[in-house]
1. Within the bounds of segment 272-290, is there any residue that is surrounded by fewer than 17 Cβ atoms within 10 Å (Cβ to Cβ) and over 21 Å from residue 254 (Cα atoms)?
2. Failed condition for residue 268, given (1) closer than 29 Å to residue 235 by Cβ; (2) open to solvent by 20 Å² or more (accessible area, probe 1.4 Å); (3) modelled with pLDDT of 90 or more, with all others met?
3. Can you tell me which residues in segment 131-142 are surrounded by fewer than 23 Cβ atoms within 10 Å (Cβ to Cβ) and either under 25 Å from the mean Cα position of the chain (by Cα) or in contact (Cβ under 8 Å) with a residue 60 or more places away in the chain (or both)?
4. Output the residues belonging to segment 98-120 that are in contact with a Lys or Arg (Cβ under 8 Å, 6 or more places away or on another chain) and open to solvent by less than 20 Å² (accessible area, probe 1.4 Å).
5. Return yes when residue 333 is among the acidic types (Asp, Glu), in a helix (DSSP H, G or I) and open to solvent by less than 20 Å² (accessible area, probe 1.4 Å) and no when it is not.
6. Could you check residue 345 against (1) open to solvent by 90 Å² or more (accessible area, probe 1.4 Å); (2) in a helix (DSSP H, G or I); (3) without any contact (Cβ under 8 Å) to a residue 12 or more places away in the chain and say which number it fails?
7. Count, please, the residues in segment 202-234 that happen to be open to solvent by 40 Å² or more (accessible area, probe 1.4 Å) and either in contact with a Cys (Cβ under 9 Å, 6 or more places away or on another chain) or among the basic types (Lys, Arg) (or both).
Amino acid sequence: MKQPWVMLVTGLILGGGLVHLGWTFSSRGPDHPDSQVNDGAVNTRTSKRGRDLGLASQTRQDTLKRDFSKMDPQKAWAQAGGISNFTERLDFLTDLMRDWGKRDPQAAIEKARSLPVGTLQKAALGAACAGWASLHPDQAAEWAKGNLSGPLGGEVFGMIAKEWASATPENAAAWVSSLPPGLQSEAATTAVIDAWTAQDPLAAVGWIDKFPDESRKTASLAALAADWCAQSPEDAGKWASTRLDKPESNDIVEALIDAWGDQDPVAASKWVMGLDEAHQTDAAATLISLWGENQPEAAAEWVARFPQGDTRSSAIPALAQSWAGSEPVKAVEWSLSLPDSEEKTEAIDE
């Protein structure tokens, strides 16, 4: 039997070691480097730290979201300068300038223009003008038209038009029509089309039809078709069918199928089958390229129903190329299974 004092010392050593070990783990926590498990189990240190950082970032963002109407904008502006994270500073400035633009647009614009040229200046100036336009769009538009140009002007014009068109698209459209063609009017035109299509797409069509520039009219009608399709593809399809004799018909059909094919390719395929061959060929190839990425077997069944002709000859190679991007072996097998023909050769090449 060991001497009592030997047993006492041994116990103290073991006990102190366990206490120290327990204190180490409790103080360091599971995400300390020395606490990682290296026996093949999943290392949760990185994921936990990522969650902690995510929560900290979210807390930081929540802290930055203030009721700016109750704050001194000058002090809030100074506070923004102390935010080191660029994304958080951008979000803070955007919210601040929008509110400031409602209360004192000239002061807000002056501050925004004092920033260095770049993303922050563009966002701050656009937000200030958007806030102004939410209350007095005609004033904001008149200022922008007389003071801005180039890419910066185009960006701000778009934000003003978006605010204006959400309330009175007719008035916003009249202002956009007064802008010179180019960068200054492109973003503004798109903003009006988006807002007006959501309210009254046929009224928007009437406005676009008056564009003197054919290329601008074509691009605008195509954008409207895509926007309208997001709301009601059947109604958009009925409208597009009435434009098949117009110069812009191919662009409208392609834009419609691009949008419809993402939503409901089966319904889109039925509409395509009702088109004349001149429009059907390109529309089918566009739809097949979309459909073939996600449901190639269903797309292959649809293609198989096409009779000999331009549409079938165009659709088969388009499907082979699209299918090969996700399942190359199956795409090759399908291509080889086709009857000997020129389209089979093209499918294998694709």
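1. No, segment 272-290 contains no residue that is surrounded by fewer than 17 Cβ atoms within 10 Å (Cβ to Cβ) and over 21 Å from residue 254 (Cα atoms).
2. Failed condition: (2).
3. 134
4. Passing the criteria: only 100.
5. no
6. With respect to (1) open to solvent by 90 Å² or more (accessible area, probe 1.4 Å); (2) in a helix (DSSP H, G or I); (3) without any contact (Cβ under 8 Å) to a residue 12 or more places away in the chain, residue 345 is out only on (1).
7. Looking only at that region, the number is 2.
Per-residue answers, yes or no, for (1) within 20 Å of the chain's Cα centre (by Cα); (2) at pLDDT 95 or above:
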| position | (1), (2) |
| --- | --- |
| 118 | no, no |
| 122 | yes, no |
| 125 | no, yes |
| 129 | no, yes |
| 154 | yes, no |
| 158 | yes, no |
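The values are calculated or read from the model by the stated rules, or taken from the named source; none is laboratory data. Everything quoted here is computed from the prediction, not taken from an experiment. Using ideal geometry, Cβ is built from the backbone for each residue, glycine included, and neighbour counts are taken over all protein chains shown. Ligands, DNA and RNA are excluded from the accessible area calculation, which covers all protein heavy atoms including side chains. Shrake-Rupley method; radii C 1.70, N 1.55, O 1.52, S 1.80 Å.
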